[in-house]
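S.K.: So that we are looking at the same thing, I have put the structure below in structure tokens.
The values are calculated or read from the model by the stated rules, or taken from the named source; none is laboratory data. All figures in this text were calculated on a predicted structure; none of them were measured in a lab. In this analysis, Cβ positions are derived from the backbone assuming ideal geometry, glycine residues included, and neighbour counts consider all displayed protein chains.
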Ligand SMILES: [Zn+2]
């Protein structure tokens, strides 16, 4: 049994919001596609309840508008509600001009559904990189206290390879914000992704568990992330390129067991609570 608290987070979005499914599901079609969100969220909420764990739920504003009862259910179960942006656009597509309205629209959807105003943010597909560093200015200005969008790894789409892999403070002109990046594991002088999502399904489970054990023993809180659609082995299979199919469909039937094992072994609390307990939030917010 572990001693320190970690955070398990869920990016609350539909299977058709994933980046690898983009060409199959154009934005204009979304409202015509039957929702499968409950398939994953029912399993997630039951697992968390059974293991007395509380999580951070990064909701898309688009999802919160259409499923306010689900937002409410997460609030009532003691989970933290945070923002995953409005409609899963990458930060460099939203652009510096568009980010404020994207954040605001999401805040409004969450508050209208009955959640407190979010103070945590995760960009779609971890697209907060050196190229979109301006996002921190906007987050600070809008009162966000932490971000979980930087992935300190090398990756073709995202990543900030030299970034501090633990909890750190990012300072910008308007103030400061805490960064709580997803878990990585140092090996061979590099950081490897070990924080969940596809990696939780694609890598041998022992690698993920070991990475968390190492973080736990070193007293470093880990941030884990999973998507509801990763619990949904019966979702429609689309003809996508082989690399996307691997990333999106492989081992969907193993997600629940792996998450349950993590919940048994480690202690999880919402990110905001964890950061407050560790006095890791910026002062004066
Ligand atoms: Zn997402």
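S.K.: Within region 216-242, take every residue that is without any contact (Cβ under 8 Å) to a residue 24 or more places away in the chain and in a helix (DSSP H, G or I) and give me the one that is nearest to residue 184 (Cα to Cα).
M.R.: 217
S.K.: Shifting gears a bit: What are the pairs with Cβ atoms under 6 angstrom where one residue, in region 186-213, is modelled with pLDDT of 90 or more and the other, located anywhere, is surrounded by fewer than 19 Cβ atoms within 10 Å (Cβ to Cβ)? Sequence gap at least six, or different chains.
M.R.: Here the result reads 205/258, each pair linking region 186-213 to a residue that is surrounded by fewer than 19 Cβ atoms within 10 Å (Cβ to Cβ).
Yes/no matrix, rows are residues, columns are (1) buried (at least 17 other Cβ atoms within 10 Å of the Cβ); (2) touching a helix residue (DSSP H, G or I) at 6+ places or on another chain (Cβ under 7 Å):
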{"position": "11", "(1), (2)": "yes, no"}
{"position": "28", "(1), (2)": "no, no"}
{"position": "59", "(1), (2)": "yes, yes"}
{"position": "75", "(1), (2)": "yes, no"}
{"position": "78", "(1), (2)": "no, no"}
{"position": "95", "(1), (2)": "no, no"}
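S.K.: I would also like to ask the following. If only one of 178, 184 is in contact with a helix residue (DSSP H, G or I) (Cβ under 7 Å, 6 or more places away or on another chain) and closer than 18 Å to residue 126 by Cα, which one is it?
M.R.: So the residue among 178, 184 that is in contact with a helix residue (DSSP H, G or I) (Cβ under 7 Å, 6 or more places away or on another chain) and closer than 18 Å to residue 126 by Cα is 178.
S.K.: Quick check on region 187-215: of everything there that is assigned to a strand (DSSP E or B) and touching a strand residue (DSSP E or B) at 6+ places or on another chain (Cβ under 8 Å), which residue is farthest from residue 151 (Cα to Cα)?
M.R.: 196
S.K.: Can you find a residue that is over 14 Å from the mean Cα position of the chain (by Cα), part of a helix (DSSP H, G or I) and either more than 13 Å from the ligand (Cβ to nearest atom) or closer than 13 Å to residue 74 by Cα (or both) anywhere in region 14-21?
M.R.: Checking region 14-21: not a single residue is over 14 Å from the mean Cα position of the chain (by Cα), part of a helix (DSSP H, G or I) and either more than 13 Å from the ligand (Cβ to nearest atom) or closer than 13 Å to residue 74 by Cα (or both).
S.K.: Can you name the number of the only condition in (1) touching a residue at least 24 places away in the same chain (Cβ under 8 Å); (2) away from the ligand (no atom under 15 Å from the Cβ) that residue 46 fails?
M.R.: The one condition residue 46 does not meet is (1).
S.K.: Would you confirm whether any residue within region 53-62 is out of contact with any strand residue (DSSP E or B) (no Cβ under 9 Å at 6 or more places or on another chain), within 14 Å of the ligand (Cβ to nearest atom), at pLDDT 95 or above and within 16 Å of residue 87 (Cα to Cα)?
M.R.: Yes, that holds for at least one residue.
S.K.: Would it be correct to say that residue 3 is under 30 Å from residue 217 (Cβ atoms), surrounded by fewer than 15 Cβ atoms within 10 Å (Cβ to Cβ) and in contact (Cβ under 8 Å) with a residue 40 or more places away in the chain?
M.R.: Here the answer is yes, as residue 3 does meet what is asked.
S.K.: One residue is enough: does region 263-270 have a residue meeting the conditions part of a helix (DSSP H, G or I) and without any contact (Cβ under 8 Å) to a residue 60 or more places away in the chain?
M.R.: No, because not a single residue in region 263-270 is part of a helix (DSSP H, G or I) and without any contact (Cβ under 8 Å) to a residue 60 or more places away in the chain.
S.K.: Report, by residue number, each residue of region 73-115 that is within 14 Å of the ligand (Cβ to nearest atom) and either in a helix (DSSP H, G or I) or touching a strand residue (DSSP E or B) at 6+ places or on another chain (Cβ under 8 Å) (or both).
M.R.: 82, 83, 84, 85, 91, 93, 94, 102, 106
S.K.: Give the number of residues within region 30-49 that are in contact with a helix residue (DSSP H, G or I) (Cβ under 6 Å, 6 or more places away or on another chain) and surrounded by fewer than 15 Cβ atoms within 10 Å (Cβ to Cβ).
M.R.: 1
S.K.: Same structure again: So which of 151, 155 is outside any helix (DSSP H, G or I), over 17 Å from residue 11 (Cα atoms), within 16 Å of the ligand (Cβ to nearest atom) and in contact (Cβ under 8 Å) with a residue 24 or more places away in the chain?
M.R.: Being outside any helix (DSSP H, G or I), over 17 Å from residue 11 (Cα atoms), within 16 Å of the ligand (Cβ to nearest atom) and in contact (Cβ under 8 Å) with a residue 24 or more places away in the chain holds for just one of 151, 155, which is 155.
S.K.: Within the bounds of region 160-168, is there any residue that is out of contact with any helix residue (DSSP H, G or I) (no Cβ under 9 Å at 6 or more places or on another chain), touching a residue at least 60 places away in the same chain (Cβ under 8 Å), farther than 23 Å from residue 227 by Cβ and not in a helix (DSSP H, G or I)?
M.R.: No, every residue in region 160-168 fails to be out of contact with any helix residue (DSSP H, G or I) (no Cβ under 9 Å at 6 or more places or on another chain), touching a residue at least 60 places away in the same chain (Cβ under 8 Å), farther than 23 Å from residue 227 by Cβ and not in a helix (DSSP H, G or I).
S.K.: Restricted to region 128-163, and to residues that are in contact with a strand residue (DSSP E or B) (Cβ under 6 Å, 6 or more places away or on another chain) and at pLDDT below 95, which residue is farthest from residue 271 (Cα to Cα)?
M.R.: That would be 153.
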